[in-house]
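First comes the structure, then the notes that go with it.
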Amino acid sequence: SSGINAEYGEDCWRVAGLHSFEFASMPLLLNRSIGSVQRVISSPFLTKRWLLTGAFKKDQLLGSVDHYKYHLFVPIEGNPLVWPPKVEKMGGIVEKLDQELKHNEKFNNEGIRVTAIEETRSNKALLFPQRLSISGGLKEQDVTPLLEGIVSNSLAKTFTVEPLKEEFHVFICCHNNRDKKCGNCGPPLVQKFEEELTKRGLSSRVAVYRTSHYGGHRFAGNVIIFNQEGVGDWYGYVKEEDIPILIESMLEGKTYINLWRGRMGLSKEQQIGFASLQGYSG
């Protein structure tokens with residue numbers, strides 16, 4: 001056990017509950033949490049990287065993004081490491097948005113996804129694929145006209161909107177109380193992204209945000225990258241050593257298919273088809 005514990009260190013798996021004394025039961029834990037993995041995975045010497053990029057990941061990662069049309073990022077107080085498990089239960093605009101999207105027939109089939117970001121990083125809501133910032137200080141009473149403006153492409157009639165100045169926007173789930181893996185994997189990815197961007201002189205071209213849960217915490221670290229056209233690619237099982245190639249792929253207008261979960265606006269079938277065209281064989 002001591003060897004495995006040293007190898008895993010502070011990795012997501014250990015923080016998520018797989019402490020050194022529990023590794024003896026790892027095959028059972030994997031079998032229970034990932035249905036396609038059987039008890040034959042029994043070697044205590046399996047590496048961390050294999051666990052995160054093995055065959056079971058390839059079966060589940062690709063096509064794991066539900067189809068949606070708009071992604072609205074809303075700033076709230078605090079930070080993802082201390083937010084409660086469900087930010088939509090905190091009150092305020094995020095809870096109102098959640099209720100409206102679930103219960104108002106005008107909006108519940110429009111494919112609008114809402115995610116919280118830190119208010120200290122941006123005091124304005126951000127909308128993709130339109131690549132717009134929406135005037136700060138949104139209140140609960142703004143929710144209905146906000147959603148109406150999104151689906152009718154008429155936000156400028158009611159709100160002050162501006163094109164986003166940065167070319168690329170990176171959103172990393174760090175929602176610790178929703179899932180410890182995200183709380184453990186996310187912050188180091190943010191730090192690594194910022195270090196690499198500074199080193200390459202790209203800080204003014206790329207904005208990086210810590211976010212609430214946006215789906216698939218089992219794939220932590222989770223990263224969404226929106227490009228200059230507002231195309232949003234989702235990546236899973238991202239580790240710090242993957243950041244340079246993600247940045248290079250982003251700048252070259254390419255998709256890093258090895259860790260690709262899917263893309264906003266595509267169905268699961270379309271995501272799988274796109275990956276196949278990129279040479280992904282599973």
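So the values come out like this:
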| read-out | value |
| --- | --- |
| Cross-link partners of K181 among aspartates and glutamates (Cα-Cα below 16 Å; sequence separation of 8 or more within a chain) | E10, D11, E240 |
| FRET E, pair S276, D98, Förster distance 30 Å, beta-carbon r, rounded to 0.05 | 0.30 |
| Contact order relative to length of segment 111-248, as percent, for alpha carbon pairs under 8 angstrom and 6 or more apart | 26 percent |
| Backbone N within segment 160-189 under 14 Å of label point (7 Å from E240 Cα along the Cβ vector) | 184-189 |
| Label zone at E229, where the point sits 7 Å out along the Cα-to-Cβ direction: segment 248-268 residues whose backbone N lies under 11 Å | 253-254 |
| Residue-span extension gain [K199 to N109] - 0.36 nm each, minus C-alpha spacing | 28.1 nm |
| Label-zone membership for segment 223-240, site L81, 7 angstrom Cα→C-beta point, backbone N under 15 Å | none |
| Nearest-20 debye value, segment 233-282 charge dipole, Cβ charges on Lys, Arg, Asp, Glu | 240 debye |
| Order by protection proxy (mean Cβ within 10 Å, highest first), peptides 62-75, 194-207, 143-156 | 62-75, 143-156, 194-207 |
| Convex hull projection area averaged over all views, segment 118-268, Cα basis, nm² | 9.4 nm² |
| Of every Cα-Cα pair in segment 219-275, the percent that sits beyond 12 Å | 64 percent |
| Restraint check, K124/K165; K106/K157; K165/K254; K69/K180; K86/K139, Cα-Cα greater than 23 Å | K69/K180 |
| Cα-centre dipole for segment 203-276 with unit charges at Cβ (Lys and Arg positive, Asp and Glu negative), debye to 20 | 260 debye |
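Bear in mind that the values in this text are calculations on the coordinates, not laboratory data. If you're wondering where the values come from, they're calculated on a predicted model, not measured in any experiment. FYI the Cβ positions are ideal-geometry reconstructions off the backbone, even for glycines, and counts take in every protein chain you see.
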